[in-house]
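What follows is a single structure, written as structure tokens, with notes after it.
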Amino acid sequence: MSEDLSLNINIKEPRWDQSTFMGRAKHFFMVTDPRNVLLSSDTLEDARVTMENYRSGVVKPGLTEDELWRAKYIYDSAFHPDTGEKMFVIGRMSAQVPVNMSITGSMLTFYRTTPAVVFWQWVNQSFNAVVNYTNRSGDAPMSVNQLGVAYISATTGAVVTALGFKTLASRLPPIASRFVPFAAVAAANCINIPFMRQRELKFGIPVMDEDGNRLGESPNAAKQAIMQVVVSRIGMAVPAMAIPPVIMNSLEKKAFMKRFPLLNAPIQVGLVGLCLVFATPLCCALFPQKSSMSVSGLEADLQERIRETSPKTTTVFFNKGL
């Protein structure tokens with residue numbers, strides 16, 4: 001019965017213990033589930049209403065606890081945790097596998113010519129720019145001008161980096177050239193993410209106490225958040241861009257691949273997709289979404305303000321973004 005559903009379920013937090021890697025992995029397998037991309041606007045809206053009603057103490061008739069958690073994960077997959085706004089569909093983490101497998105598979109297949117490298121790196125970094133902006137931390141908006149400068153800086157830096165690695169790889173054995181896309185993507189992530197989230201580095205991201213009370217904005221927290229996201233994104237790229245090249249290097253020597261070269265791209269895309277299905281949630285789980293740091297690690301003025309307004313607070317919490 002709906003009246004039996006407790007109103008004390010803490011839907012502000014994930015269903016599983018986020019202090020453990022396994023708990024975070026279970027959480028992100030739900031958030032990054034590619035099937036969530038296919039959900040209709042009506043389904044997303046229904047999940048939003050269910051969540052907002054439950055927070056207000058209103059329970060939909062017949063709602064079970066499992067259905068409540070399902071609604072939460074549908075909501076989390078499509079709505080920004082800080083602003084509550086519906087996220088652009090290809091920027092959602094649930095779109096990472098289907099979109100990334102197509103782009104990454106193409107990067108690994110068409111890596112031999114400079115125009116192909118430039119085009120696919122541009123496509124990849126444009127996609128990354130959308131993802132980085134969509135999953136930023138905080139609720140402060142970026143102006144169109146700021147967003148445009150960040151996008152141009154991020155994609156230009158990434159493409160130049162890719163070309164540099166391609167030039168270097170021309171002096172290495174053929175197998176080494178297959179890893180140019182991975183090296184370029186890893187380096188580009190170190191450029192793209194900070195550029196697309198530069199406002200956070202300048203003005204800071206919201207930090208909260210244990211009870212979720214906002215204490216201020218901290219650039220130091222933003223630095224930690226962005227560093228963790230960079231590590232996670234590079235980790236996501238390792239299996240998808242390191243394992244398929246080794247397998248394809250072996251397969252291309254087989255007779256059937258020589259007879260049917262058109263199979264190269266679909267097989268490569270499929271291998272990348274298989275890797276991403278696991279790499280995406282597992283690497284998102286490397287660090288808690290609700291990250292933390294000691295008050296002593298914050299800016300001096302913010303430390304002083306916290307000591308005055310919340311003297312018992314020794315640790316602050318913040319959304320690191322994805």
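Numbers below:
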item: Residues of the stretch 38-66 satisfying the condition of being within 13 Å of residue 8 (Cα to Cα) and of a type in the set (Ser, Thr, Tyr); result: 54, 56
item: Test: residue in the stretch 53-61 that is surrounded by fewer than 16 Cβ atoms within 10 Å (Cβ to Cβ) and among the hydrophobic types (A, V, I, L, M, F, W, C); result: yes
item: Residue in the stretch 307-321 that is on the phi > 0 side of the Ramachandran plot, surrounded by 16 or more Cβ atoms within 10 Å (Cβ to Cβ) and in a loop (DSSP other than H, G, I, E, B) present; result: yes
item: Residues within the stretch 27-42 that are loosely packed, with under 14 Cβ neighbours inside 10 Å and in a helix (DSSP H, G or I), tallied; result: 4
item: The stretch 1-19: number of residues that are surrounded by 12 or more Cβ atoms within 10 Å (Cβ to Cβ) and either touching a helix residue (DSSP H, G or I) at 6+ places or on another chain (Cβ under 7 Å) or at pLDDT below 75 (or both); result: 8
item: Hits in the stretch 233-255 (condition: open to solvent by less than 50 Å² (accessible area, probe 1.4 Å) and within 29 Å of residue 292 (Cα to Cα)); result: 233, 234, 235, 236, 237, 239
item: Among residues of the stretch 111-126, those that are under 21 Å from residue 226 (Cα atoms), buried (at least 21 other Cβ atoms within 10 Å of the Cβ) and at pLDDT 80 or above, counted; result: 1
item: Sole residue being in contact with a helix residue (DSSP H, G or I) (Cβ under 8 Å, 6 or more places away or on another chain), basic (Lys, Arg) and under 24 Å from residue 277 (Cβ atoms), chosen from 35, 48; result: 35
item: Selection within the stretch 193-213 - of a type in the set (S, T, N, Q) and either under 21 Å from residue 290 (Cβ atoms) or at pLDDT below 75 (or both); result: 213
item: Residue 207 vs. criteria closer than 22 Å to residue 135 by Cβ and touching a helix residue (DSSP H, G or I) at 6+ places or on another chain (Cβ under 6 Å); result: yes
item: Residues located in the stretch 278-318, provided they are closer than 26 Å to residue 234 by Cα and among the charged types (D, E, K, R); result: 290
item: Yes/no for residue 287 being open to solvent by 50 Å² or more (accessible area, probe 1.4 Å), within 18 Å of residue 228 (Cα to Cα), modelled with pLDDT of 80 or more and out of contact with any Leu (no Cβ under 6 Å at 6 or more places or on another chain); result: yes
item: Selection from the stretch 279-306 of residues that are over 19 Å from residue 19 (Cα atoms), of a type outside the set (Asp, Glu) and not in a helix (DSSP H, G or I); result: 298
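Yes/no per residue for (1) crowded, with 21+ Cβ neighbours inside 10 Å; (2) within 16 Å of the chain's Cα centre (by Cα):
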site	(1), (2)
186	no, yes
196	yes, yes
204	yes, no
221	yes, no
226	yes, yes
231	no, yes
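The values are calculated or read from the model by the stated rules, or taken from the named source; none is laboratory data. None of the values given here were measured: they were computed from a predicted structure. Every residue, glycine as well, gets a Cβ built from its backbone with ideal geometry; the counts of neighbours run over all protein chains shown. Heavy atoms of the whole protein, side chains included, go into the accessibility calculation; ligands, DNA and RNA do not. Shrake-Rupley method; radii C 1.70, N 1.55, O 1.52, S 1.80 Å.
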